Every structure is written in structure tokens, then in C-alpha cells.
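Undergrad: Please see the structure below; I have some questions.
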Amino acid sequence: MAETVKITFDGQTVELPLLVGTEGEKAIDISRLRAQTGLITWDPGLANTGSCSSAITFMDGERGILRYRGIPIEELAEHSSFKETAFLLVHGVLPTRKDLNRFSVLLNDHSLVHEDMQIFYQNFPRASHPMGILSSMVNALRSFYPVLSTGEEEINITVTRLLSKVRTLAAMSYRISRGHKVVYPRPDLPYCANFLNMMFDSPVNPYVIDEDIVRALSVFWILHADHEQNCSTSAVRIVGSGRVNLYASISAGIAALWGPLHGGANQAVIEMLSMIKDQGVSIRRVLERAKDRDDPFRLMGFGHRVYRTYDPRAKIMKKMCDRVLRKFNLQDPLLNIAQELEAAALADDYFIDHNLYPNVDFYSGIVLRAIGIPTSMFTVMFAIGRLPGWIAQWKESMDDPDWRLCRPRQLYIGPKINAYVPIDERG
Ligand code: ACO
């Protein structure tokens with residue numbers, strides 16, 4: 001017989017079903033709790049709440065495991081390309097050679113964006129953050145490409161269009177912010193190389209594609225491609241639960257990712273390391289500040305809601321960081337500071353006791369700097385990488401018969417009934 005959990009409240013005992021996932025994780029099904037008891041659950045930050053069942057990504061924060069569709073992240077980082085990983089996440093299986101060729105053709109066919117979109121870019125104030133611009137432009141895609149049928153093939157086209165155009169939009173935002181002419185996508189270049197070319201090619205200084213840099217970018221994006229029900233993915237699912245279109249849902253995900261506690265941490269890490277270097281702050285002082293409850297400063301790139309051990313993505317990122325810097329014989333002073341900071345934090349009782357380890361963002365900024373990406377574009381790079389995951393999660397939620405309009409409850413703690421006081425009688 002299936003296991004249940006008994007709750008006794010107000011002299012009455014109810015049995016709640018226990019759900020078991022593929023990896024043995026257990027969840028109490030409380031979907032009838034309020035109807036049966038009048039109770040709701042209270043879980044700030046939703047840290048103990050399973051919002052859906054999903055077959056996309058498995059992570060085990062205690063053991064430092066991350067798998068997409070069952071395949072360990074280490075194997076994908078070693079053998080796969082970002083394009084192939086995107087296909088895996090969105091379609092659920094590794095593509096055959098024929099599938100991959102067709103996917104490449106579609107990505108190429110949809111890589112241009114409507115010329116009028118360039119006018120939007122010209123009108124954003126120069127100081128606008130690229131994440132705000134990207135979120136707006138992705139939402140605007142709905143107006144430029146309004147035919148959104150719900151058939152399988154049409155959804156596939158919308159998905160491919162988005163995967164391809166986001167890369168073009170991101171590179172355009174960088175070019176226009178620098179006052180440079182937009183570089184169009186090239187049909188002869190694969191996904192990652194095409195992006196780099198759109199970012200950096202110039203009539204006076206043609207961009208030379210280096211396969212190691214392309215590989216580094218591909219791995220960077222593979223590592224970011226999905227991370228189950230994180231803040232931005234939950235935003236995509238929740239916004240999508242109102243049955244809004246895919247573009248608007250992804251635009252919400254980009255906005256959520258922007259925050260420094262989430263995807264914006266990669267930019268915040270570089271700003272923190274630069275501050276340490278430029279102001280000559282000692283590592284000891286940085287750790288003291290991070291540990292001080294009265295100081296809002298936190299060690300950026302450290303800690304994670306789910307990982308209680310070294311983030312498996314951070315391990316791969318750290319190795320890649322060493323490889324890229326060695327290959328190009330680059331000396332990044334921020335790398336030395338990062339290594340010193342990591343060693344000091346990992347030996348510090350506060351960080352040990354709180355299970356705080358480097359997360360994916362700790363070394364990713366140094367890799368991006370080596371590729372030539374400016375700091376203000378770091379979180380945009382994360383967003384391009386996370387896009388296949390957001391899309392896969394959105395698709396899964398649309399096909400899930402249990403996926404309902406998301407509408408949490410609350411514990412009201414405001415005043416009981418209050419009389420309306422006319423304005424002249426208010427004190
Ligand atoms: N530096 C110092 N102390 C920290 C840090 C940190 N980076 N992270 C957590 N702590 C401490 C908290 O102060 C708290 O201490 P207390 O229990 O003594 O009060 C304890 O650890 C738990 O912290 P919470 O904020 O409750 O943990 P939560 O799971 O909500 O936060 C988060 C996770 C937001 C990632 C946090 O670790 C953090 O702010 N890290 C820095 C920002 C960062 O790197 N974000 C990227 C995350 S990865 C990603 O989104 C791609």
C-alpha cells in the first residue's frame with residue numbers, strides 16, 4: 001500500500017499521500033490539505049515546497065549532483081555542445097545527426113530580427129542595463145512575431161526562433177551600446193561562434209574565431225542551461241501558468257535572473273573582486289564583513305539555496321578558467337584574489353558551519369573576461385545559457401495536466417476591519 005503522512009489537528013486526523021520521485025525523494029501531497037483541514041502551509045522562500053513534478057533536471061545539493069535528462073553535467077561539459085544540450089533539454093532526448101542538422105538549419109533560418117527592432121535599441125538611455133533591455137526586447141518579440149499556434153510544430157518553431165533570436169538581440173544590444181554597427185548572423189557559423197562574431201567582428205579588425213574560446217563559451221552555456229525550480233525558472237512557470245505567451249514568460253524569467261542574489265551574482269563577483277583589488281582591502285576584512293550580521297555585504301559567488309557542498313558547475317568552471325587563462329597566457333589579477341578568497345573562506349569556521357561553498361558564479365566572470373565579454377553583459381550571457389531550460393520548463397508545464405494557475409495563499413497579519421475615515425477627519 002502507498003505510504004501516507006498523518007496530520008492531527010483540531011481532534012481530527014487526515015492522511016496525506018506521499019509521492020516518491022525517481023531518485024527516492026519524498027513529498028507530502030498537500031493539494032487537498034486546505035479542503036480537508038482549513039490549514040495552509042507556510043514556507044517563506046518556498047524552500048520546502050515542491051511546486052511541480054519535472055523530468056528535466058535532477059540536482060542533489062548534499063552530494064553535489066546535477067544531471068540534465070539523467071545525463072551528468074560533467075559528461076555534457078566534456079562531450080556535448082551547447083546546441084546539442086539545448087535540444088536535449090527542450091526535446092527530452094539527445095538528437096540524432098539528422099535532428100541536429102535540422103535544428104541547425106532552423107536556428108540559422110530564424111537568426112535575423114526585424115529591422116525595426118533596432119530602432120527600439122536606439123531609444124533606450126545609454127546607461128540602461130542590458131538585462132532590462134533584453135527583457136523588454138524578448139517581450140517585444142510577441143508583437144513582431146504574433147503567430148503563435150499551439151500545435152507541436154508551431155511551438156517548435158517559436159522555441160527555435162527564440163533560441164536563435166535571443167543570441168542576435170544580445171549581441172545587438174552590446175554593439176549599439178558601444179555606438180557600433182550591428183553585425184548580422186552568418187549562415188556558415190555554428191551557434192556559439194556566430195554569437196562571438198556578432199559581438200566582436202569589425203570592418204577594421206575582423207574577428208578571428210578561436211576554437212578554444214568557442215569551446216569555453218559552449219561549456220559556459222551548458223553549465224547554465226537548466227537548474228530545476230530556481231527563482232527565474234519559477235518566474236517563467238508562474239507567469240506562464242496564466243497562459244500568457246512564451247515570450248512574455250521568458251521576459252519575466254530574464255527580469256528575475258537579473259537580481260544579484262540570482263544570475264546577477266556573476267557581475268557582482270567581479271565588482272567585489274575589483275573592489276578588493278582597487279581599494280586594497282584585505283581578504284581578512286572581506287570575510288569579517290561577510291560574517292557580520294549587521295553588514296549587508298555578502299561574499300558574492302558563495303552559498304546556494306540547494307547546494308550544501310561545492311557546486312558541481314563551479315568545479316568545471318574553475319578548471320575551464322585555468323585552461324583558458326593558460327592557453328592565452330593571460331594574467332588576470334582578479335583570479336589570484338578569487339583563489340585567495342576561496343581558500344580563506346573554505347578554511348573559515350563560519351563558512352564551514354554554514355556549508356557555504358563557491359557557486360557557479362564565483363569563477364564564471366573570470367572566464368567571461370578572458371573571452372572578452374564586458375562585465376555589464378555577464379548576466380545576459382547567463383540568460384542566453386538558461387534559455388533552453390526556461391523553454392523546456394515552460395513546455396513541460398503546458399503539457400502537465402496538474403499545472404494550474406499559480407496562486408499561493410498567505411497568512412494575513414494586517415488590521416481586522418477598519419472604518420473608512422473621510423479626509424477632513426483624519427488626524
Ligand atoms: N556570504 C556570507 N554569508 C552567507 C552567504 C554569503 N554569500 N550566503 C549565505 N550566508 C549565510 C546567511 O547570512 C545566513 O546566516 P545565518 O543563518 O547565520 O543568519 C545563512 O548563511 C543562510 O543564508 P540564507 O540567505 O538564508 O540562505 P539562502 O538559501 O536564502 O540564500 C543565496 C542563498 C541567496 C544564494 C545566498 O547564499 C547568497 O546571498 N549568496 C551570495 C549571492 C550569490 O552568489 N548568488 C548566486 C547563487 S547561484 C545562482 O543563482 C546562479
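The values are calculated or read from the model by the stated rules, or taken from the named source; none is laboratory data. Everything quoted here is computed from the prediction, not taken from an experiment. Don't worry about glycine lacking a Cβ; one is built from the backbone with ideal geometry, like all the others, and counts go over all protein chains shown. Calculation scope for accessible area: heavy atoms of the full protein, side chains included, ligands and nucleic acids excluded. Shrake-Rupley method; radii C 1.70, N 1.55, O 1.52, S 1.80 Å.
Undergrad: Residue 390: in contact with a Ser or Thr (Cβ under 7 Å, 6 or more places away or on another chain) and not assigned by TED's automatic domain parsing to the domain that holds residue 137, yes or no? Before the answer, list the steps.
TA: Numbers: in contact with a Ser or Thr (Cβ under 7 Å, 6 or more places away or on another chain): yes; not assigned by TED's automatic domain parsing to the domain that holds residue 137: no.
Judged against the criteria, residue 390 is not a match.
Undergrad: Restricting to the range 285-333, and then to whatever is at pLDDT below 95 and among the β-branched types (Val, Ile, Thr), can you tell me which residue is farthest from the ligand (Cβ to nearest atom)?
TA: Ranking the qualifying residues of the range 285-333, first place goes to 324.
Undergrad: Please go through the range 183-199 and give me each residue that is open to solvent by 10 Å² or more (accessible area, probe 1.4 Å) and over 22 Å from the mean Cα position of the chain (by Cα), ordered by number.
TA: 183, 184, 185, 186, 187, 188, 189, 190
Undergrad: Applying the selection to the range 278-294, what residues are outside any helix (DSSP H, G or I) and open to solvent by less than 30 Å² (accessible area, probe 1.4 Å)?
TA: At the first step, the residues of the range 278-294 found to be outside any helix (DSSP H, G or I) are 280-282, 292-294.
Residues satisfying the conditions do not exist here.
Undergrad: Restricting attention to the range 223-242, does a residue exist that is β-branched (Val, Ile, Thr), touching a Leu at 6+ places or on another chain (Cβ under 6 Å) and open to solvent by less than 10 Å² (accessible area, probe 1.4 Å)? Steps first, answer last, please.
TA: Initially, the range 223-242 is screened for residues β-branched (Val, Ile, Thr), giving 233, 236, 238-239.
Remaining after also requiring touching a Leu at 6+ places or on another chain (Cβ under 6 Å): none.
Checking the range 223-242: not a single residue is β-branched (Val, Ile, Thr), touching a Leu at 6+ places or on another chain (Cβ under 6 Å) and open to solvent by less than 10 Å² (accessible area, probe 1.4 Å).
Undergrad: Tell me which residues, restricted to the range 343-372, are in contact with a helix residue (DSSP H, G or I) (Cβ under 7 Å, 6 or more places away or on another chain), within 13 Å of the ligand (Cβ to nearest atom) and part of a helix (DSSP H, G or I).
TA: 344, 345, 350, 351, 361, 362, 363, 364, 365
Undergrad: Something else about it: Which of the residues spanning the range 121-134 are outside any loop (DSSP other than H, G, I, E, B) and either open to solvent by 90 Å² or more (accessible area, probe 1.4 Å) or closer than 13 Å to residue 381 by Cα (or both)?
TA: We begin by selecting, within the range 121-134, every residue outside any loop (DSSP other than H, G, I, E, B); these are 121-123, 130-134.
Those that are outside any loop (DSSP other than H, G, I, E, B) and either open to solvent by 90 Å² or more (accessible area, probe 1.4 Å) or closer than 13 Å to residue 381 by Cα (or both): 122, 123, 130, 131, 134.
Undergrad: Another one. Return yes when residue 211 is touching a strand residue (DSSP E or B) at 6+ places or on another chain (Cβ under 9 Å) and of a type in the set (Asp, Glu) and no when it is not. It would help to see each step written out before you state the result.
TA: Details: touching a strand residue (DSSP E or B) at 6+ places or on another chain (Cβ under 9 Å): no; of a type in the set (Asp, Glu): yes.
Answer is no for this residue.
Undergrad: Just for helices (runs of 4 or more DSSP H) wholly inside the range 1-99: which have at least 1 residues that are modelled with pLDDT of 95 or more and under 30 Å from residue 314 (Cβ atoms)?
TA: Numbers: elements: 33-37, 73-79, 82-91.
Counting at least 1 such residues, we get 73-79, 82-91.
Undergrad: Might you check whether a residue that is crowded, with 20+ Cβ neighbours inside 10 Å, of a type in the set (Phe, Trp, Tyr) and farther than 30 Å from residue 133 by Cβ occurs anywhere in the range 358-380?
TA: No, that holds for no residue.
Undergrad: So, one more: Could you check how many residues of the range 380-427 are among the small types (Gly, Ala, Ser) and closer than 24 Å to residue 55 by Cβ?
TA: 5
Undergrad: Report, by residue number, each residue of the range 395-425 that is open to solvent by less than 100 Å² (accessible area, probe 1.4 Å) and of a type in the set (Lys, Arg).
TA: Matches in the range 395-425: 395 only.
Undergrad: Scan the range 142-157 and tell me whether some residue there is open to solvent by less than 20 Å² (accessible area, probe 1.4 Å) and either assigned to a helix (DSSP H, G or I) or within 25 Å of residue 240 (Cα to Cα) (or both). Reasoning before the result, please.
TA: We begin by selecting, within the range 142-157, every residue open to solvent by less than 20 Å² (accessible area, probe 1.4 Å); these are none.
No, every residue in the range 142-157 fails to be open to solvent by less than 20 Å² (accessible area, probe 1.4 Å) and either assigned to a helix (DSSP H, G or I) or within 25 Å of residue 240 (Cα to Cα) (or both).
Undergrad: Looking for whichever is within 23 Å of the chain's Cα centre (by Cα) and at negative phi here; the options are 106, 66, 46. Which one fits? Talk me through it step by step, then tell me what you get.
TA: Details: 106 fails: within 23 Å of the chain's Cα centre (by Cα); 46 fails: at negative phi.
Exactly one of 106, 66, 46 is within 23 Å of the chain's Cα centre (by Cα) and at negative phi, namely 66.
Undergrad: Could I ask something else about it? On the given criteria, is residue 314 open to solvent by less than 10 Å² (accessible area, probe 1.4 Å), under 18 Å from the mean Cα position of the chain (by Cα), in the same structural domain as residue 254 (by TED's automatic domain parsing) and of a type outside the set (Phe, Trp, Tyr)? Outline the logic, then answer.
TA: Numbers: open to solvent by less than 10 Å² (accessible area, probe 1.4 Å): yes; under 18 Å from the mean Cα position of the chain (by Cα): yes; in the same structural domain as residue 254 (by TED's automatic domain parsing): no; of a type outside the set (Phe, Trp, Tyr): yes.
No.
Undergrad: Might you let me know whether the range 243-251 holds any residue that is open to solvent by 10 Å² or more (accessible area, probe 1.4 Å) and of a type in the set (Phe, Trp, Tyr)?
TA: no
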